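Everything below concerns the one structure shown next.
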Amino acid sequence: MGKLIDEKIQGTSLLTPKKTDNGRKLYIESYGCQMNFSDSEIVASILSAEGFNTTNKLEEADLVLVNTCSIREKAEQTVRKRLEKFNAIKESRPHVKVGVLGCMAERLKSAFLEEEKIVDMVVGPDAYKDLPNLIQEVDEGRNAVNVILSKEETYADIAPVRLNSNGVTAFVSITRGCDNMCTFCVVPFTRGRERSRDPHSIVKEVNELWNKGFKEITLLGQNVDSYLWYGGGLKKDFDKASDLQKNTSINFAKLLHLVAEAQPRMRIRFSTSNPQDMTLDVIEAMAAHDNICKYIHLPVQSGSNKILKAMNRQHTREEYMALIDNIRNIIPDCGISQDMIAGFPTETEEDHQDTLSLMDYVKYDFGFMFAYSERPGTLAERKLEDDIPLDVKKRRLNEIITLQQRHALYRTQQHLGKIEEVLIEGDSKKSDQEWMGRNTQNTVVVFPKEQYKVGDFVLVKIKDCTSATLIGEAVGYTT
Ligand code: SAH
Ligand code: F3S
């Protein structure tokens, strides 16, 4: 899991010129969502400006940082087990410092220091610019904690150091935090209120990535459709903005146009969309630009109106289906994926059947499916009993997964015989004789390497498929 800086594409902070090498090595490990991986690149940039060099070898690290996830209990257990492993490192190299970043840091705050003796430093997602000071405190023998959430911080002025990069695809973060308050979700508590990043800095980062040879970017946010720039500030304070600010504000659809036009040959993806915030103008912006990929990750969590309400998802099953119809009308070949939660409190067999029938309606290309995990501090934890037995949760989850696999195969079969554009990302998992890339719908395509290379856009004839992969043969370059 160690991440190595590729020297060729190493960036530095726009704020501070890189100090000379301080002789210390940073090892950073990331868990959880894409946003965490993107944040680790910001952290590496901030510490590179302090003279740290990044290593992917834990045994040579002087500073070990773990960027953590709280979304489900299992995610936290994984991190705790990993921290146990670090004890051995400290035994052989006592000067090594261990810092915890991300959502677990924010959730547990200084209690983390008590619970896990190995930890020297606890840093929440909005406090990474304070890392140089916090490291100094730790060096002076004190534990250090900063978990202050911010109304402003978007790290717009930091040029991320691309970690473990294939040199072809990159994340660009556009919003931080989330205001949606889904009752099961810990994110609004660990990542704070929603704020958007200055569109100029987004376009600048995309331009720089293109100039460095990147071919595809993914605009990242917990809820990209609610992106709103009116000169800075929280999304929830938009009402208080001046008329001028309101009239010149930039929403997500406008941002998509801006980015797509700035780099017409850069492939653009985005994640995650929220059904309640996705508007027609976003779908139309996708349709208007060939370089915006025809793929939407559109979590629904449940197909039951009763459960959607209890989850505080601000839409009904029928509204979600109407959104799907709109997407399919405007972009007939759009790939669509889901997140589902099985066994939310009070879920009956009938509610579960509603989820299965919604899946039959949409026939998602793929999905990410979970058993409900109660999270401390959320509304669901405070107001609802976690009343679905584990074996029932697991059985329902398995039924959802089995159905999804059937739908995924149905979707991959629709590509058979077609010629599709694929961006080559690297070797296929199974064979170093074959390339792996993705088509516009985000489906993985593998094919023999021939003369092609990483970063090429290639036309591939699809000849075979599994439920997860298209298998083909290149027929030429995209013109
Ligand atoms: N909008 C976010 C969602 C983050 S959480 C995004 O950018 O992806 C990712 C997924 O984890 C959610 O869509 C949900 O399906 C799942 N999830 C969140 N909280 C959960 C919980 N308490 N138990 C089980 N699954 C959960
Ligand atoms: Fe979580 Fe719902 Fe936001 S799932 S990240 S509170 S959109």
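Residues of region 263-305 that are away from ligand 1 (no atom under 16 Å from the Cβ) and assigned to a strand (DSSP E or B): Arg267, Ile268, Ile292. Of all the listed residues (Val187, Val206, Val172), the sole one being within 15 Å of ligand 1 (Cβ to nearest atom), assigned by TED's automatic domain parsing to the domain that holds Phe252, over 22 Å from Ala75 (Cα atoms) and modelled with pLDDT of 95 or more is Val172. Step by step: first the residues of region 31-55, then only those that are without any contact (Cβ under 8 Å) to a residue 60 or more places away in the chain and of a type outside the set (A, V, I, L, M, F, W, C), then the one that is farthest from Phe171 (Cα to Cα). Which residue is that? Only one residue tops the list, namely Gly51. Filtering region 173-228 to residues that are farther than 15 Å from Ser38 by Cβ, assigned to a loop (DSSP other than H, G, I, E, B) and away from ligand 2 (no atom under 14 Å from the Cβ) leaves Asp198, Lys212, Gly213, Lys215.
Close contacts from region 434-445, counting a first residue that is farther than 16 Å from Lys215 by Cβ and outside the structural domain of Arg267 (by TED's automatic domain parsing) and a second that is modelled with pLDDT of 95 or more and among the polar types (S, T, N, Q), with Cβ to Cβ under 8 Å and a gap of 6+ residues or different chains, come to Glu434/Ser428; Thr443/Thr412; Thr443/Thr469; Val444/Thr469. Among the conditions (1) in contact with a helix residue (DSSP H, G or I) (Cβ under 6 Å, 6 or more places away or on another chain); (2) more than 12 Å from ligand 1 (Cβ to nearest atom); (3) outside the structural domain of Leu65 (by TED's automatic domain parsing), the only one that Leu131 does not satisfy is (3). For region 138-161, the condition holds for at least one residue, the condition being that it is over 29 Å from Ile217 (Cα atoms) and part of a helix (DSSP H, G or I). A Cβ distance below 9 Å, combined with a sequence gap of six or more or placement on separate chains, defines the contacts here; from region 308-323, residues that are modelled with pLDDT of 95 or more and among the hydrophobic types (A, V, I, L, M, F, W, C) reach residues that are more than 16 Å from ligand 1 (Cβ to nearest atom) and not in a helix (DSSP H, G or I) in the pairs Leu308/Thr316.
Those residues that are of a type outside the set (Lys, Arg) and in contact with a Pro (Cβ under 8 Å, 6 or more places away or on another chain), I need them from region 187-204; list them, please.
Thr190, Gly192, listed by residue number.
Please tell me if Leu308 is within 25 Å of the chain's Cα centre (by Cα), closer than 21 Å to Leu384 by Cβ and assigned to a helix (DSSP H, G or I). Yes. Look at Leu108 and say whether it is surrounded by 15 or more Cβ atoms within 10 Å (Cβ to Cβ) and at pLDDT 95 or above. Yes: the conditions hold for Leu108. The residue list Arg193, Arg197 contains one member that is in the same structural domain as Gly232 (by TED's automatic domain parsing), in contact (Cβ under 8 Å) with a residue 12 or more places away in the chain, surrounded by fewer than 23 Cβ atoms within 10 Å (Cβ to Cβ) and closer than 27 Å to Val147 by Cα, which is Arg193. Exactly one of these conditions fails for Gln222: (1) in contact (Cβ under 8 Å) with a residue 12 or more places away in the chain; (2) more than 16 Å from the chain's Cα centre (by Cα). Give me its number. The single condition Gln222 does not satisfy is (2).
Only a single criterion out of (1) touching a strand residue (DSSP E or B) at 6+ places or on another chain (Cβ under 8 Å); (2) closer than 20 Å to Glu216 by Cβ is not satisfied by Thr479, namely (1).
Restricting Glu114, Glu41, Glu50, Glu106 to those that are part of a loop (DSSP other than H, G, I, E, B), among the acidic types (Asp, Glu) and not assigned by TED's automatic domain parsing to the domain that holds Thr272 reduces the list to Glu50.
Got a number for residues in region 56-74 being surrounded by fewer than 19 Cβ atoms within 10 Å (Cβ to Cβ) and at pLDDT 95 or above?
The qualifying residues number 3.
Residues of region 162-172 that are assigned to a loop (DSSP other than H, G, I, E, B) and either touching a strand residue (DSSP E or B) at 6+ places or on another chain (Cβ under 6 Å) or under 18 Å from Ile28 (Cα atoms) (or both): Arg162, Asn164, Ser165, Asn166, Val168.
The values are calculated or read from the model by the stated rules, or taken from the named source; none is laboratory data. These numbers come from a predicted model, not from an experiment. Cβ: placed from backbone, ideal geometry, glycine included. Neighbour counts: every protein chain shown.
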